[in-house]
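Worksheet: the structure to be examined is printed underneath.
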Amino acid sequence: MKPSEQYVKLVDPLDLSQKAWTDPRERAIRDLNDVVKLIREILNTSIFRTDAIVIKNGLVDAIQLFALEPISVGGRRSQLIDHLFKSPLKIIHNSSIDAHVRNQTLARMLKMIWRFIVEPICNALGLKEHTFTRNCPFPPRVLWIPTGIFAQVPLHAAGDYSSGNLEDSATARITSSYIASFRRLQHVRSRSRSIQTAGNKGVVVSMTSKSWASLPAGIRKYFLPSIYIEAAGVMNAAQFIEWAQMPRTVKAQLLDVLPRCNYLHVNSHAETNVADPSLSHLILLDEAATESEPVITRLSVKEMSSTVADKSILAFLAACSTAYGSVPELLDEGLQIGNAFQLAGFPHVIASLWPVYNFICPVIARDFYTFINDHTVEHGGMGNDAIAWALHHAISELKKEYLDEPLIWAPFIHLGPMSKEVDSFGKAISRLAFRDHHDRPTG
């Protein structure tokens, strides 16, 4: 099978318009490259081998991953994937397990992700080391489009940190972002074209209560005492944004303000619905709520996806597991809370792969918005790349202090597109799309 044929066969199910895949196939590949102007890679995992299919400048190639590793786990690649990723993820998400054990498990998994996936791909793309210049202060941007189990793997945090060295890691070579599918990519790109001329209206959503200490335990758990600190830090850091604070956020009020909101920072709890991911939700207040008698309600993925936020730029979801998919069979459907905000119209979303520590959200939010503010002041406006660079910067700062505790700094991810302007500077750009196939061999 020719490389171009294999590419079309693998990409065809990836939620792309069928119109893009009419003959000749070479024309289809060139057209796709013209649309996204970037490299795309598809990870094809079968029981025999694992490949990253690469498109670069209209040409198709393949990078074989796990090539030097014997198939030692039951003789099946799928079982090797389970051993390296699925089993560790179960431990990482289990909060009843000691944090030290979970951090050690995550550190080992990050090393495996680096060794088997991210480092080979970076090497193949020539991203072996980044030289910082005035025009390119951060590593080249990479957009991961993961499917299957890889949608839950922290590719952006991959690295061998056993010796305390930060150079053998993804953050030293690339600035990572994620997107759910090719169609979603086209959607958010169209939404982000006017980002530099959009408004600067922001809303800080909070779940606070002056009577927090006296609330029943079943209700008190939904309120966050540290929110006052985080909200103040966000508004002080990003002074170019005209912030409005909603300290006791009622669901109906939030839905009313979203169409006029450019920036949204959410301080709330999130819950994942294991039975039906479309019912995963943010915790907010009902209209009937009072200070002394708060009534809890939920903003679900299904509701958020049907909301229209035409003027939006960024949603920072400082909540737990907003990029987590609880049902493996539905990971490709993009039913996570963060993806719902993109469907509503936010081209950029900051989300988390697992529960985040309350004390760290104010820290990462402050560093993130400080970078955004400085970039906007210096360049006279917001840019798509600045949002990804801001999170890269904030995570890098956290790593310096909490390197041995990746549970703290590794869950945060950026969902969103790149700037077209990056290509004109001739920077090394890539988009990496992962496809998990267990149903057929490759090659």
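The values are calculated or read from the model by the stated rules, or taken from the named source; none is laboratory data. Owing to the predicted nature of the structure, the values given are computational and were not obtained by experimental measurement. When we count neighbours, we look across all protein chains shown, and the Cβ atoms used for this are built from the backbone with ideal geometry, even at glycine.
Among the residues of the stretch 193-206, count how many are farther than 19 Å from Asn373 by Cβ and touching a helix residue (DSSP H, G or I) at 6+ places or on another chain (Cβ under 7 Å).
Matching residues across the stretch 193-206 total 2.
Report the residue count in the stretch 148-170 for those that are among the hydroxyl-bearing types (Ser, Thr, Tyr) and crowded, with 22+ Cβ neighbours inside 10 Å.
Within the stretch 148-170, residues that are among the hydroxyl-bearing types (Ser, Thr, Tyr) and crowded, with 22+ Cβ neighbours inside 10 Å number 1.
For (1) assigned by TED's automatic domain parsing to the domain that holds Val349; (2) aliphatic (A, V, I, L, M); (3) under 17 Å from Phe371 (Cα atoms), each residue gets a yes or a no:
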residue	(1), (2), (3)
Ala232	yes, yes, yes
Phe240	yes, no, yes
Met246	yes, yes, no
Thr249	yes, no, no
Ala252	yes, yes, no
Glu271	yes, no, no
His281	yes, no, no
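Among the helices (runs of 4 or more DSSP H) lying completely within the stretch 330-412, list those that include at least 3 residues that are under 25 Å from Leu185 (Cα atoms) and either of a type in the set (D, E, K, R) or not assigned by TED's automatic domain parsing to the domain that holds Leu279 (or both).
384-402
Give all pairs with beta carbons closer than 9 Å in which a residue from the stretch 293-304 that is part of a helix (DSSP H, G or I) meets a residue that is basic (Lys, Arg) and surrounded by 17 or more Cβ atoms within 10 Å (Cβ to Cβ); count only pairs at least 6 apart in sequence or on separate chains.
As it stands, the answer is Glu303/Lys251, since those pairs meet every condition given.
For the stretch 229-247, indicate whether the set of residues that are surrounded by fewer than 21 Cβ atoms within 10 Å (Cβ to Cβ), aliphatic (A, V, I, L, M), over 25 Å from the mean Cα position of the chain (by Cα) and at pLDDT 90 or above is non-empty.
Checked against the condition, which is being surrounded by fewer than 21 Cβ atoms within 10 Å (Cβ to Cβ), aliphatic (A, V, I, L, M), over 25 Å from the mean Cα position of the chain (by Cα) and at pLDDT 90 or above, the stretch 229-247 yields at least one hit.
Of the numbered conditions (1) part of a loop (DSSP other than H, G, I, E, B); (2) within 20 Å of the chain's Cα centre (by Cα), Val308 fails exactly one; give the number of that condition.
It fails just one condition, (2).
Can you pull out the residues in the stretch 199-228 that are surrounded by fewer than 19 Cβ atoms within 10 Å (Cβ to Cβ) and either outside any loop (DSSP other than H, G, I, E, B) or at pLDDT 75 or above (or both)?
Across the stretch 199-228, the qualifying residues are Gly199, Asn200, Lys201, Trp212, Ala213, Ser214, Ala217, Gly218, Ile219, Arg220, Tyr228.
So if I check each of Ile117, Ile113, which one is touching a Leu at 6+ places or on another chain (Cβ under 8 Å) and at pLDDT 90 or above?
Ile113
Looking at (1) at pLDDT below 85; (2) buried (at least 23 other Cβ atoms within 10 Å of the Cβ), which is the only condition Gly380 fails?
(2)
Quick one: how many residues across the stretch 133-172 are at pLDDT 90 or above and in a helix (DSSP H, G or I)?
Count: 6.
Being part of a helix (DSSP H, G or I) and of a type in the set (Phe, Trp, Tyr) is the filter here; which residues of the stretch 173-195 pass it?
Step one: of the stretch 173-195, the residues part of a helix (DSSP H, G or I) are 173, 182-192, 195.
Across the stretch 173-195, the qualifying residue is only Phe182.
Scanning the stretch 95-128 for residues that are assigned to a helix (DSSP H, G or I) and of a type in the set (Gly, Ala, Ser), which turns out nearest to Asp82 (Cα to Cα)?
Step by step, filter the stretch 95-128, then rank; the result is Ala107.
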